[in-house]
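Notes follow once the structure below has been shown.
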Amino acid sequence: MDILQCYHSSRLLVDWSDNRMWFAVASIVFNPTFWNIVARKEYRTKFITRMFNGNGLYGCYALAATIFTLGLIRDAVFKYAIDTQPKAQCMDHWLLQGLAYFLFAVGNIFVLSSMWVLGVTGTYLGDYFGILMDDRVTSFPFNVNDNPMYNGTVMIFLGTALWSLSPAGVYLTCVVHFVYRIALKFEGPFTTEIYIKRDQDRAAAKKSTSTRAKKQTKKDL
């Protein structure tokens, strides 16, 4: 059976009446929604920073631990859901299984290398806590992929779905991809605004310092 025939024969092998599928969907949607809402509220009100006596770094670490834990829960719910769904034996094809291993490996490389380059605060929304990076990261994996963390995660989900012979997993991966695309529509422009404001504040501070220096020079003369 070729790949196209496998698609046509397996695409309906999903039990949408199973609540575990919808729990997986809810978990996938919840995570980026949660961290976007919480991070924006933190940026505007500093409510997490205040919880840690004004220490934004500790607040960022706390949010990072929360997001990481929610990610583990989402991954477990996803795996549990697809393991209880019908399997498509035609997906046990050397090409699809090879693709599964490739996606899983490359996806993990993208995610882990992103975390290594960005660090905890760069990965987990430190800029919303006022912990900003000096320059835009352009090294690997960002030199080959604009959003390696999100795209890598999607690749891991799809690799897991193919390896598990799960059409349901492929559908859930599509949900992951769609939700992340929406999240990027909100995160990208907002993060850009944060850095634009930082640059404007720096320019204003530099101008103010220069003006005071000139006034002091004239006074000394």
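See the values below:
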| item | result |
| --- | --- |
| Across the chain: Cys residues that no other cysteine approaches within a C-beta distance under 4.7 Å | Cys60, Cys174 |
| Contour excess over end-to-end distance, with Cα ends at Leu132 and Ile3 and 0.36 nm allotted per residue | 41.8 nm |
| Efficiency of FRET from Cβ geometry, Val144 and Phe47, R₀ 45 Å, rounded to 0.05 | 0.75 |
| Spherically averaged projected area in nm², based on the convex hull that wraps the Cα atoms of the range 79-175 | 7.2 |
| For the range 28-151, the spread of Cα positions along each principal axis, largest first, Å | 56, 34, 17 |
| Sequence of His177, His8 when ordered by accessible area, the most exposed leading, probe 1.4 angstrom | His8, His177 |
| Carbon/sulfur fraction of accessible area - the chain, other protein chains in place, 1.4 Å, % | 65 |
| Surface accessible to a 1.4 Å probe, per residue, for the residues of the chain, Å² | 60 |
| The range 18-77 shape via C-alpha gyration tensor axes, a/c threshold 1.5 | prolate |
| Kirkwood Rh (inverse of mean 1/r, distinct Cα pairs), the range 140-184, angstrom | 10.9 |
| Relative compactness, the chain, computed as alpha-carbon Rg over 2.2 N^0.38 Å | 1.33 |
| Cut-off of 10 Å, at most 16 other beta carbons, DSSP loop: longest stretch of the chain lacking such chymotrypsin sites (Phe, Trp or Tyr not before Pro) | 53-221 |
| Taking the chain and dividing mean pair separation by its residue count, relative contact order in percent (alpha carbons under 8 Å, at least six apart) | 27 |
| Lys79 accessible area, assembled protein chains, probe 1.4 Å, Å² | 70 |
| Pairs of lysines in the chain (C-alpha under 18 Å apart; 8 or more residues apart or interchain) | 10 |
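The values are calculated or read from the model by the stated rules, or taken from the named source; none is laboratory data. What you see is a predicted model; the values in this text were computed from it and never measured. Using ideal geometry, Cβ is built from the backbone for each residue, glycine included, and neighbour counts are taken over all protein chains shown. These accessible areas exclude ligands, DNA and RNA; they are computed on the full protein's heavy atoms, side chains included. Shrake-Rupley method; radii C 1.70, N 1.55, O 1.52, S 1.80 Å.
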